[in-house]
Amino acid sequence: MPPLFYLVISIVLSTGIFLLFQAFKSWNVDSLKAIVINYGVAGTIGWWLAGGCSTFSRAWHSDWRWVAIGLAAGSLFIYLFQLIARSAQENGVTVTSISAKLSMVIPVAIFLVFDPNDAVTLKKIMAIGLAIPAIVLSSWKPEQPKNQKNWLIPMTIFFGSGMIDLMFATFSGPEFMREISFRYLFPSLPLTTAFITGFIWLVAKQPKLQDSNYSSKFTWAGGLFLGIINFGSLYFLLETYDKVDLDKSAIMPINNLGIIIASAFLSLFIFREELNRRNALGLLLGGTAIALLYAEQNL
């Protein structure tokens, strides 16, 4: 199987997450319930591939820091996924995908400041400077110019996703991932915590579970499909890092740029999303920011 196949599949599956969130609206799916189900499915698949509790024990004794941080990140996972679902339905697939995927500039900026091996260049500075206006413009709705929620939600997704990107970038090196099974355990940790947090959230909101819409076949099906796609995107990205002969810092821009372009292209044809001039300019700035980072990594 060609190595780039893993990168292409990762892009396709990640794009599918945004498209599926948009479809939830027309399917009348309860997004929060589907997201909780998704984390249960994705976490179960991850623990199975990782090897279960024995791998967890070895990882904890190897270096407890990334294990603890992975577990703690679960609450952020479910909060962001809920925001992504809401944004995909209210602002559209293109706005949401660019907000989430431009978040890569956050770990890039932090590494520029604190990593002595990462040089500060004009292209990197320009890319980081383009990120914020790209999100604001891409989420601009002329019919509601004074509604701050239109851009606050994408901005929150941007910063939250950036923290998750930073976590994975920091602990994805061989000094932490000392076994192949650790690469599958790491994403499974926040997935599991997110499922537990989400379940408690649902019980707190709806004490009488029998009165809720848990029996909806569309909600269960949506959560199942989302869980498979969600873990699949992480799995194939991990395989990309392992098999594609490129630096991780080069793979991330290619992956993110591919998701933004694919999301914009498919949302235009599937959901008939309309882009005004400001949205188009924001998308162009976002693509330019990621392209600059990609070009920098290939010099």
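What follows is calculated from the coordinates using simple rules that are stated; it is not laboratory data. Keep in mind that this is a model prediction, so the values were computed, not measured. All Cβ positions, even for glycine, are placed from backbone atoms using ideal geometry, and neighbour counts span all protein chains on display.
The figures follow:
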quantity	calculated
Computed helical MRE - 222 nm, the chain, DSSP H runs ≥ 4 contributing -39500 (n - 2.57), nearest 500	-27000 deg cm²/dmol
Relative exposure of S103, S87, judged by other C-beta atoms within 10 Å (fewest first)	S103, S87
Percent of Cα-Cα distances greater than 18 Å, calculated over the range 10-53	42
Simple spin-label estimate for C53 and M1 in nanometres, 7 Å along Cα-Cβ	3.1
Qualifying GluC sites (Glu not before Pro) for the range 225-292 [loop in DSSP, other Cβ within 10 Å: at most 15]	E274
Pairs beyond 24 Å (Cα-Cα), from K101/K124; K101/K205; K123/K243; K25/K217	K101/K205; K123/K243
Net charge of neighbours whose Cβ lies under 14 Å from the Cβ of A262, counting Lys and Arg as +1 and Asp and Glu as -1	0
Theoretical FRET efficiency, 1/(1+(r/R0)^6), r = Cβ-Cβ of F199 and L152, R0 25 Å, to 0.05	0.35
Test item: Cα-centred dipole of the chain, Lys/Arg +1 and Asp/Glu -1 on Cβ, debye	740
